[in-house]
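Taking it in order: structure first as structure tokens, then the write-up.
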Amino acid sequence: MSDTLLTTKAISKVYEMGDIKVHALRHVSLDVAKGDFIAIMGASGSGKTTFMNLLGCLDHASSGEYILDGIAVHDMEDDKLTQIRNQKIGYVFQSFYLLPRTTAIENVELPLLYCQKCSLHDRHQRAMDALKVVGIEDRAKHFPNQLSGGQQQRVAIARAIVNNPSFILADEPTGNLDTRTSIEVMAVLQELHAQGKTVIMVTHEPEIAQYAHRHITFRDGKVIRDKKNLSPKDAKTDLINLPRISEEEDE
């Protein structure tokens, strides 16, 4: 069995605005192995967000091939792409996108609504199991406005993994968080990676990228660097070394 999870072959994306053509991606070829933890980096306009949207089946490439879990998804119709997104990909975004009038466990259950074979009990149990994985099961009945930013992101991660996707696609997962909470979220992603999950993370923060095991950098729609991180940081160690926050500072 191949260890390759996904492959892009000479994938390109061109946006047409009247007579103007913008080449967002230019013939990008990459392999991602099962169990990778990748940080995708690059300046604004480098192509990293466009590439993420293609990996996440949120957009179509102009040319090239995208193979995910042995399935050619680059030329799929939108309805089939919807199934792939729900079954194969777990999304974590900078903005948590939690339904405000829905509890944590109900937010996590949302991807399971497409599962026709899942009973109400099954959905509830799987959602609770996912909340336990990210260490927030005690907040299952809380609404988003009753949770901190870090807790909301943990709920979002639980929602991303509840369907046991092929990989987690995290777009600036710490972008709205302070340093301490960012490290806590990275500790969760590192733990999921340690359990065998494939994580692909888009970030503009070099400090956050250091937690990943592989760095891919985009510029002008092309990959200009793809290298292993030989000594990725340990978020749990960073948490231990953070200075203690006094009650006055926390207020």
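Reported count of residues in the range 196-211, each being touching a helix residue (DSSP H, G or I) at 6+ places or on another chain (Cβ under 9 Å) and crowded, with 17+ Cβ neighbours inside 10 Å, is 8.
The residue list Thr49, Thr82 contains one member that is without any contact (Cβ under 8 Å) to a residue 12 or more places away in the chain and of a type in the set (Val, Ile, Thr), which is Thr82. Restricting attention to the range 228-251, which residues are modelled with pLDDT under 85 and either within 16 Å of Glu191 (Cα to Cα) or in a helix (DSSP H, G or I) (or both)? Once the filter is applied, which keeps residues that are modelled with pLDDT under 85 and either within 16 Å of Glu191 (Cα to Cα) or in a helix (DSSP H, G or I) (or both), the range 228-251 yields Glu247, Glu248, Glu249, Asp250.
Condition check ((1) farther than 25 Å from Glu172 by Cβ; (2) part of a strand (DSSP E or B); (3) in contact (Cβ under 8 Å) with a residue 24 or more places away in the chain) across all residues:
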| site | (1), (2), (3) |
| --- | --- |
| Ile38 | no, yes, yes |
| Ala43 | no, no, yes |
| Asp59 | no, no, yes |
| Tyr66 | no, yes, yes |
| Gln87 | no, no, yes |
| Thr102 | no, no, yes |
| Leu113 | yes, no, no |
| His121 | yes, no, no |
| Gln125 | yes, no, no |
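Scanning the range 206-225 for residues that are assigned to a loop (DSSP other than H, G, I, E, B) and closer than 15 Å to Thr49 by Cβ turns up Asp220, Gly221. Mind listing whichever residues of the range 4-21 are in contact with a Lys or Arg (Cβ under 9 Å, 6 or more places away or on another chain) and free of Cβ contacts under 8 Å to residues at least 12 places away in the same chain? Within the range 4-21, just Tyr15 meets the criteria. Take Ser119 and decide whether it is at pLDDT below 95, under 21 Å from Arg101 (Cβ atoms), surrounded by fewer than 19 Cβ atoms within 10 Å (Cβ to Cβ) and hydroxyl-bearing (Ser, Thr, Tyr). Judged against the criteria, Ser119 is not a match.
Every test in (1) under 15 Å from the mean Cα position of the chain (by Cα); (2) modelled with pLDDT of 95 or more; (3) farther than 24 Å from Pro100 by Cα is passed by Thr217 save one, and that test is (1).
The values are calculated or read from the model by the stated rules, or taken from the named source; none is laboratory data. Everything numeric here is computed off the predicted structure, so don't read it as measured data. Every residue, glycine among them, receives a Cβ derived from its backbone with ideal geometry; neighbour counts consider all protein chains shown.
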